[in-house]
Amino acid sequence: MEFDLLYQHRDFIIIYKPCGVSVHKDQETIGLTTQLANQLGVAQVWLVHRLDKVTSGLLILALNAESAAEFSRLFAEHRIHKTYLALSFQKPKKKQGLIIGDMKKARNGAWKLCQSKENPAITRFESLSCEPNLRLFFLKPQTGKTHQLRVAMKSLGSPILGDELYGKNTPKMDRTYLHAARLEFEFLGEKFDVAVRPKEGEWWKKDSVKMKINENPFFGKGKIPV
């Protein structure tokens, strides 16, 4: 597999990770980091954050140990700002706001959101109606918990389209409709703002969905330097 290189810096790259591709080796003969190293002709690349296998979008990989350590610090300090897109058939309990709560393990590899707030997952969101029974969500995680956005959407009563783990009663889809759309951060004094639209999935191609994505300011002119 050849990955799309959306941004290449001397210290890191940003790629488009397709849905269905794991950032870990899983059962594959060659893992994502090895594939990328081979594609770039370098000895090694460093994974500095993760996307679920079902999630598409922007993924940063460091090209040396020093930048890997710097990105680890930036992520730990929540200084890399991420925006995700998601689709759901269900209208949320509220159209915008914050979802806050501790997350605990549930059954079958799932997680659940609790009312306690000792070490909470925090997600800011807004939603727009695309057409009857179809809503577009803009999700901005303030923390980086496992399955955070998928659990947050379920807690709103709006499980993500195609999410078989958290939306078991939703119709089967061609993918899980969660996409890492934008990254904003400062690295060694330089500001970066990279955005990309989702490439896989028939529901992303609907005119009503594309129109709502295009109306959002972060996909406006001049916001995508790639």
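The values are calculated or read from the model by the stated rules, or taken from the named source; none is laboratory data. Quick caveat: nothing in here was measured; it's all calculated off a predicted structure. Note that each Cβ is placed from the backbone with ideal geometry, even for glycine, and that neighbours are counted across all protein chains shown. Heads up: the accessible areas ignore ligands, DNA and RNA and are worked out on the full protein's heavy atoms, side chains in. Shrake-Rupley method; radii C 1.70, N 1.55, O 1.52, S 1.80 Å.
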Testing the spin-label approximation: label points 7 Å from Cα along Cα→Cβ at Thr33 and Leu5. State their distance in nm. 1.9 nm
Search the structure for amide H atoms under 5 Å from the amide H of Gln142, placed 1.01 Å from N in the peptide plane, and list their residues when 5 or more places away or on another chain. Ile122, Thr123, Arg124
On the full set of protein chains, 1.4 Å probe, figure out the accessible area of Val45 and give it in Å² to the nearest 10. 10 Å²
Compute the distance in nm between two label points, each set 7 Å from the Cα along the Cα-to-Cβ direction, one at Ala110 and one at Thr170. 1.3 nm
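Tell me, what is the per residue accessible area of the chain in Å², probe radius 1.4 Å?
Working: 11780 Å² over 226 residues.
Value returned for the chain: 52 Å² of accessible area per residue.
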Most fluctuating residue of Lys91, Lys145, Lys191 in a GNM of the chain with Cα springs under 10 Å: which is it? Lys191
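How many percent of the alpha carbon pairs in the stretch 1-123 exceed a separation of 21 Å? Mind showing how you got there, number by number?
Working: 3893 of 7503 pairs.
Tail fraction, whole percent: 52.
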Two-site label geometry, Asn214 and Ile100: point separation in nm, points 7 Å out along Cα→Cβ: 3.8 nm
Ignoring ligands, DNA and RNA, what percent of the accessible area of the chain is carbon or sulfur (1.4 Å)? 47 percent
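Rounded to the nearest 500, what is the 222 nm mean residue ellipticity of the chain from helices alone, with -39500 (n - 2.57) per DSSP H run of 4+ residues and division by all residues? Could the numbers behind the result be given before it?
Details: 4 runs with 38 residues, N = 226.
About -5000 deg cm²/dmol.
Which semi-axis lengths, in whole Å and largest first, follow from the square roots of five times the eigenvalues of the Cα gyration tensor of the stretch 121-226? Working shown, then result.
Values: eigenvalues 121, 67, 29 Å².
They are 25, 18, 12 Å, listed from largest to smallest.
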For Arg182, tell me the accessible area in Å² from a 1.4 Å probe, rounded to the nearest 10. 20 Å²
Along the charge dipole of the chain, pointing to its positive end and built from +1/-1 on Cβ of Lys, Arg, Asp and Glu, which listed residue (Trp203, Ile15, Asn133) has its Cα farthest out? Asn133
Considering the chain as a Gaussian network with a 10 Å cut-off on Cα pairs, which listed residue, Cys19, Cys130, Cys114, attains the greatest mean-square fluctuation? Cys114
At a Cα cut-off below 16 Å, give the lysines reachable from Lys17, other chains included and same-chain residues fewer than 8 away excluded. Lys25, Lys53, Lys82, Lys199
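Stokes-Einstein D for the chain at 10 °C, 1.306 mPa s, Kirkwood Rh over Cα pairs, in µm²/s? Write down the numbers at each step before the final one.
Working: Rh = 18.2 Å.
Calculated translational D: 87 µm²/s.
For the stretch 1-45, just run the numbers: alpha carbon Rg, then divide by 2.2 N^0.38 Å, N being how many residues it has. List each step's numbers first, then the result.
Values: Rg = 10.5 Å, N = 45, 2.2 N^0.38 = 9.3 Å.
Ratio of Rg to 2.2 N^0.38 Å for the stretch 1-45: 1.12.
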Of all DSSP beta bridges with both partners in the chain, the antiparallel percent, nearest 5, is 95 percent
Let me know the charge dipole size of the chain about its Cα centre in debye, to the nearest 20, where only the beta-carbon of Lys, Arg (+1) and Asp, Glu (-1) is charged. 1040 debye
